[in-house]
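Asker: Take a look at the following structure, please.
Read-outs throughout are calculated quantities, based only on the coordinates presented, and are distinct from any laboratory measurement. Here the structure is a predicted model, which means the values were calculated and not measured. Counting neighbours? That spans all protein chains shown, and the Cβs are built from the backbone with ideal geometry, glycine included.
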Amino acid sequence: MKSYFTMSRLAAAFAAALLPTQFSASAASPHNLAPRVAAIANPGAPPNCVSSDQFGNRNPKVHPPCSTPYGMTYGEWTAKWWQWVYSIPLESNPQLAGMPPQPDVDCSQGQSGPVWFLAAGFGGTAVRSCTVPTGVSIFFPVTNTYFGVIGFDCIHRGAFPNGYPAAFLPVSDCLANPWPHPDLGIGTQDQPNVHNYADLVKLVAAHLDDPGPIDAEIDGVSIRDLTAYRAQAPIFSVTTPSHNILGFVWPGIGPYGTGAADTYYPNGSDGYWLMLTPLTPGKHTVHFAAGAPPWLDVTYHLTVRPGH
């Protein structure tokens, strides 16, 4: 498990998550979500969506947390976001953009359809400027984490002197009940209550139940009830190109640090996300932060142009 960073943290483990932030594959080449597994609670739906009155929206510029924008839940969009982040080569990956002296980022990378993604970071402060088209919704994490194969939870250990993984388990073993190997994973080896993938989901959820200080502002207006925007992803795969971001996050560690093209499955994600309704043409500012003091603080200066 990515040590509970936010993709903003790990990246912050990657994205706004990388240590609790994590990535998603390309919107331009969308990956199919894996079939939902009965043992996994809450596949794709925020855990707080239990009554119809929660479908209201106190933030007019944000899709309600229990809604299904463009036919998918918030949780399903989080899986797409991770796939998008992992699909972009290291050299141009937006997770690493925005640090001085390079404030500009190409927001069009891997984007298509009615929803565009914004990256978070690996921690620290980032200020980014980019252009997006009219008519698209903007989706990004405030704080999150990923787990499963890309979180070092479904692996054989012990082949290296430092104990890092030697090989991934077969998918059937990772999803087994109970897990066949007691030392499974770096994030779970000291967790006596984690015996299968469903337990892993619960363990991560317990960490995210109290996200700590989180904040988001759109054009200077704070998002209200931010903790209502909790989303858990259904099980998903990520496909990486050669020289991918995993070579940056896990340098020299087993299959991760090679940066080789591959597909990783199964994976999960949990965290707090926002999907903005389409912005009006002109200049807009999106700001989000997590931690106290913020370990992640990201500002986007967006220019919205018709027909971009």
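Asker: Could you derive backbone 3J(HN,Hα) for the range 300-307 from the dihedral phi with the Karplus parameters 6.51, -1.76 and 1.60 (θ = phi - 60°), listing whole Hz in sequence and x where the residue is Gly or Pro?
Answerer: 10, 9, 9, 10, 9, 10, x, x
Asker: List, in order, the whole-Hz ³J(HN,Hα) value for each residue of the range 61-71 obtained from phi through the Karplus relation with A = 6.51, B = -1.76, C = 1.60 and θ = phi - 60°; use x for Gly and Pro.
Answerer: 8, 10, 5, x, x, 9, 7, 10, x, 6, x
Asker: Stretched out fully, how many nm does the piece from S242 to S92 gain, at 0.36 nm a residue minus the Cα gap? Present the calculation step by step, with values, prior to reporting the outcome.
Answerer: On the way: separation 150, 0.36 × 150 = 54.00 nm, distance 1.25 nm.
Taking S242 through S92 to full extension adds about 52.7 nm, to one decimal.
Asker: What number comes out for the charge environment of H287, summing +1 per Lys or Arg and -1 per Asp or Glu over other residues with Cβ under 14 Å away? It would help to have the intermediate numbers written out before the result.
Answerer: Details: positive: K61, R128, K283; negative: D215, E217, D219, D297.
That sum, taken over residues with Cβ under 14 Å, equals -1.
Asker: First measure r as the distance between the Cβ atoms of S222 and T277, then evaluate 1/(1 + (r/R0)^6) with R0 = 22 Å and state the FRET efficiency to the nearest 0.05. The partial results should precede the final answer.
Answerer: Working: r = 17 Å, r/R0 = 0.76.
That pair, S222 with T277, gives E of 0.85.
Asker: Under the Karplus relation 6.51 cos²θ - 1.76 cosθ + 1.60, θ = phi - 60°, what is the ordered set of whole-Hz ³J(HN,Hα) values for the range 216-229, x standing for Gly and Pro?
Answerer: Once rounded to whole Hz, the list reads 8, 9, 10, 6, x, 9, 5, 6, 8, 6, 4, 5, 6, 9.
Asker: Give, as a single signed number, the net charge of other residues whose beta carbon lies under 14 Å from the beta carbon of S108, with Lys and Arg counted +1 and Asp and Glu -1. Working shown, then result.
Answerer: On the way: positive: R128, R305; negative: D104, D106.
Around S108, the surrounding residues sum to 0.
Asker: Local charge sum around R224 (other residues, Cβ-Cβ under 15 Å, Lys/Arg +1, Asp/Glu -1)?
Answerer: Details: positive: R58, K61, R230; negative: D215, E217, D219, D225.
Result for the neighbourhood of R224: -1.
Asker: Would you pull out the residues with amide H under 5 Å of S137's amide H, same chain only if 5 or more places away, H placed 1.01 Å from N?
Answerer: V115, W116
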